[in-house]
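Participant: First, the structure itself, so that you have it in front of you.
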Amino acid sequence: MAWCSVRSLSSLAVDIRAMRRHASLAFGVDMASFSAATKLRRLSSTSKPFTSLNASVETSEFSLSPASLPISQSSPQSDSTPSSDVFHNKNLVHVTPVPSVTEGKKEVVHTEKAPAALGPYSQAIKANNLVFVSGVLGLVPETGKFPSDGVEEQTEQLLKNMGEILKASGANYSSVVKTTILLADMKDFKQVNEIYARYFPPPSPARATYQVAALPMNAKIEIECNAAL
């Protein structure tokens, strides 16, 4: 009976020690679970601002719309008007091409019904729908001499010669837009003016008149003109 009691106490002691070990293990597991849960709560609490920030950024990115973008208040430009950045480009030089006489068609005018040129020039040149008549003298085409020494006869013959050159170029007296008169003596201006008016009635072409020291072949008068085609 005493042996059974001792054995029972011994078994009870073993059971108590086993319970202590199990209790200690359970307590350790519970503490680990509690610690892990605490860390998770801390991590969750510290990550909330970042999560909120990301959500805020994403929201702001997806909330952009054409209505929220800045709109220029400047008036619309036509297709033919260059944009403003063209004018701010310092390396850009805008040049408008202008046709020149040398680029257009240049045609020499010559007729046997007027005196031949006395030097390296043409009786007239056609270019860009204009006729440029060289200075004309009052020479008779057939003889190459003046009809007389008088200014009236020379002026009459000169204007006839000019008419033949204009005709050969497809123009006439009414096509003339500008004349230049060169006189050996300004005292002859009145006589020349009376003859001139018969060939160039109103609206008369523009004109300039000069007295010069001398003219080719001792001529009394020389006239050049420009005409439009």
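The values are calculated or read from the model by the stated rules, or taken from the named source; none is laboratory data. Keep in mind that what you see is a predicted model, and the values were worked out from it rather than measured. With ideal geometry, Cβ positions are generated from the backbone for all residues, glycine too; neighbour counts draw on all protein chains shown.
Participant: How many residues does the stretch 181-223 hold that are among the charged types (D, E, K, R) and under 49 Å from the mean Cα position of the chain (by Cα)?
Facilitator: Residues meeting the conditions: 2.
Participant: If you don't mind, another one. Working only within the stretch 113-136, note down all residues that are surrounded by fewer than 21 Cβ atoms within 10 Å (Cβ to Cβ) and touching a His at 6+ places or on another chain (Cβ under 8 Å).
Facilitator: Answer for the stretch 113-136, where residues must be surrounded by fewer than 21 Cβ atoms within 10 Å (Cβ to Cβ) and touching a His at 6+ places or on another chain (Cβ under 8 Å): just Ser122.
Participant: Hey, Lys113 hits all of (1) outside any loop (DSSP other than H, G, I, E, B); (2) among the basic types (Lys, Arg); (3) in contact with a helix residue (DSSP H, G or I) (Cβ under 8 Å, 6 or more places away or on another chain) but one; which does it fall short on?
Facilitator: (1) is the only condition that Lys113 fails.
Participant: Which one of these is among the aliphatic types (A, V, I, L, M), free of Cβ contacts under 8 Å to residues at least 40 places away in the same chain and crowded, with 20+ Cβ neighbours inside 10 Å: Leu139, Leu183, Leu158, Leu166?
Facilitator: Leu183
Participant: Which members of the stretch 186-215 meet the condition of being surrounded by fewer than 18 Cβ atoms within 10 Å (Cβ to Cβ) and of a type in the set (A, V, I, L, M)?
Facilitator: Across the stretch 186-215, the qualifying residues are Met186, Ile195, Ala197, Ala206, Ala208, Val212, Ala213, Ala214, Leu215.
Participant: While we're here: The conditions are (1) surrounded by 17 or more Cβ atoms within 10 Å (Cβ to Cβ); (2) over 52 Å from the mean Cα position of the chain (by Cα), and Ser175 fails exactly one of them. Which is it?
Facilitator: Here Ser175 meets the rest and fails (2).
Participant: To continue, here is another question. Tell me whether the stretch 144-152 contains one or more residues that are modelled with pLDDT of 60 or more, part of a helix (DSSP H, G or I) and either surrounded by 11 or more Cβ atoms within 10 Å (Cβ to Cβ) or of a type in the set (Phe, Trp, Tyr) (or both).
Facilitator: yes
Participant: Further question: How many residues, within the stretch 193-229, are over 22 Å from Val109 (Cβ atoms) and in contact with a helix residue (DSSP H, G or I) (Cβ under 6 Å, 6 or more places away or on another chain)?
Facilitator: Count: 3.
Participant: Go through Ser169, Ser174 for me and flag whichever is touching a Pro at 6+ places or on another chain (Cβ under 9 Å) and assigned by TED's automatic domain parsing to the domain that holds Glu112.
Facilitator: After applying the criteria, what remains is Ser174.
Participant: Return the total of residues in the stretch 186-229 being at positive phi and in contact (Cβ under 8 Å) with a residue 40 or more places away in the chain.
Facilitator: Summing the residues that are at positive phi and in contact (Cβ under 8 Å) with a residue 40 or more places away in the chain in the stretch 186-229 gives 1.
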